[in-house]
1. Give the relative contact order (percent, whole number) for the chain; include only Cα pairs under 8 Å separated by 6+ residues.
2. Could you work out how much longer the chain between THR3 and TYR43 gets when fully extended? Use 0.36 nm per residue separation minus the Cα distance between them, nm to one decimal.
3. Counting other C-beta atoms within 10 Å, which of CYS83, CYS36 has the fewest, and how do the rest follow?
4. How long is the gain from VAL132 to LYS28 if the chain were fully straight, where each residue apart is worth 0.36 nm and the alpha carbon distance is subtracted?
Amino acid sequence: MSTLVHVGVRATNLEETIRFWRDALGLKVFSTMDGCYDLTDGYHNFRVFQHNGPERPPHVGGMLDYLHIGVRVPDLQEAADRCEANGFTIISDGVGGKEYDPNSPPDESFKVEDPDGIVVDVTADDGQWPGVQPRQ
């Protein structure tokens, strides 16, 4: 069986995107190269490159996301608070698109966009995604 070990994305603003993944969602920076960061959760490599090509097309974000990434965090409310404290808007409560109410903490998951509009599903639930092993 193959093992998924790496995901890569290109960022319009590399430093702002790293601030999102590192400071708001808690991935660790493992290494850097010119125009590139390697982040990790200790099991997977997430490489973020600086986009230097032609202007990117506008993204299709929100609930019409054509690309999204799932992240499991130890504490959902803490992650939501870090996202908001770092200026990243939570776009929905849960995966079903329920409007997010900052006065009512998310109980299962939430969606937030990175600086380029990549939607991130954030959960603390070990059973959110089929085939993913529970935390040890």
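1. On the way: 232 pairs, mean separation 31.7, N = 136.
After rounding, I find 23 percent.
2. On the way: separation 40, 0.36 × 40 = 14.40 nm, distance 1.04 nm.
Working it through step by step, the gained length comes to 13.4 nm.
3. Values: CYS83 21, CYS36 15.
Ascending number of Cβ neighbours within 10 Å: CYS36, CYS83.
4. Values: separation 104, 0.36 × 104 = 37.44 nm, distance 2.01 nm.
Value of the extension gain: 35.4 nm.
Coordinate-derived values only; no laboratory data. Predicted model only: the values in this text are computed from it and were never measured. A quick note on method: Cβ atoms are made from the backbone with ideal geometry, for glycine too, and the neighbour counts reach across all protein chains shown.
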